1. Stretched out fully, how many nm does the piece from Gln98 to Arg133 gain, at 0.36 nm a residue minus the Cα gap?
2. Can you pull the accessible area of Trp111 for me, 1.4 Å probe, Å² to the nearest 10?
3. Take the chain, connect every pair of alpha-carbon atoms lying under 10 Å apart with a spring to form a Gaussian network, then pick out the residue of Leu123, Leu100, Leu109 with the largest mean-square fluctuation.
4. Bin all alpha-carbon pair distances of the chain at 10 Å intervals from 0 and give each bin's fraction as a whole percent.
5. Compare Phe8, Phe80, Phe127 by solvent-accessible area with a 1.4 Å probe and give them largest first, with all protein chains kept in place.
6. Taking only Cα atoms and a 10 Å spring cutoff, compute GNM fluctuations for the chain and point out the largest among Val122, Val44, Val113.
7. If you find the alpha carbon centre of the range 88-133 and of the range 1-72, how far apart are they in angstrom?
8. In the range 7-120, with Lys and Arg counted as +1 and Asp and Glu as -1 at Cβ, which of these residues, Thr68, Gly115, Asn103, has the Cα nearest the positive end of the dipole, that is, farthest along it?
Amino acid sequence: MTSTGDTFDWDALKAAAEEAATHAYAPYSNYHVGAAALVDDGRVVSGCNVENAAYGVALCAECGLVSTLHREGGGRLTHFVCVNGDGDVIMPCGRCRQLLWENGGPSLLVWTVSGVKPMTEVLPDAFGADDLR
Ligand code: THU
């Protein structure tokens, strides 16, 4: 895995995302996605994409992850990765980058297709809660 200079076990987090992808409900795109993140209290949360016959209301894997984060008591995401059904690291879509910003903020580390990056590089000049104050 890419060198990040820390000892975080990114491969274990990716394995959790791969496991989540096995639960995807994606009969329309046939594109399975799994996402996993470490929470600042040590939990690992994950999610899979869930599609719908009304295509536009499909839920990305990150939606399930964020829902689980809050259902289990909240917290802040510190490390995140998402993969497709082949186990390839993929980028979170634009909408989901916003979800990640809300729940992890600028220091959240994301395993991207070009290495591990902070959210400030994944969603530059993000709109966020501070803009509402
Ligand atoms: N998808 C995700 O789950 N997360 C992303 O960040 C990108 C896209 C899903 C949505 C849809 O079910 C499928 O991938 C194809 O777009």
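The values are calculated or read from the model by the stated rules, or taken from the named source; none is laboratory data. All of these numbers come straight from a predicted model, not from anything done at the bench. Neighbour counts are summed over all protein chains in view; Cβ atoms, including those assigned to glycine, are modelled from backbone coordinates with ideal geometry. With ligands, DNA and RNA removed, areas are computed over all heavy atoms of the protein, side chains included. Shrake-Rupley method; radii C 1.70, N 1.55, O 1.52, S 1.80 Å.
1. Gain in length upon complete extension: 10.8 nm.
2. 30 Å²
3. With Cα springs under 10 Å in the chain, the top fluctuation among Leu123, Leu100, Leu109 is at Leu123.
4. 13, 45, 34, 7, 0
5. Phe127, Phe8, Phe80
6. Comparing Val122, Val44, Val113 in the GNM, the peak value goes to Val113.
7. Cα centroid to Cα centroid, the span is 15 Å.
8. Asn103
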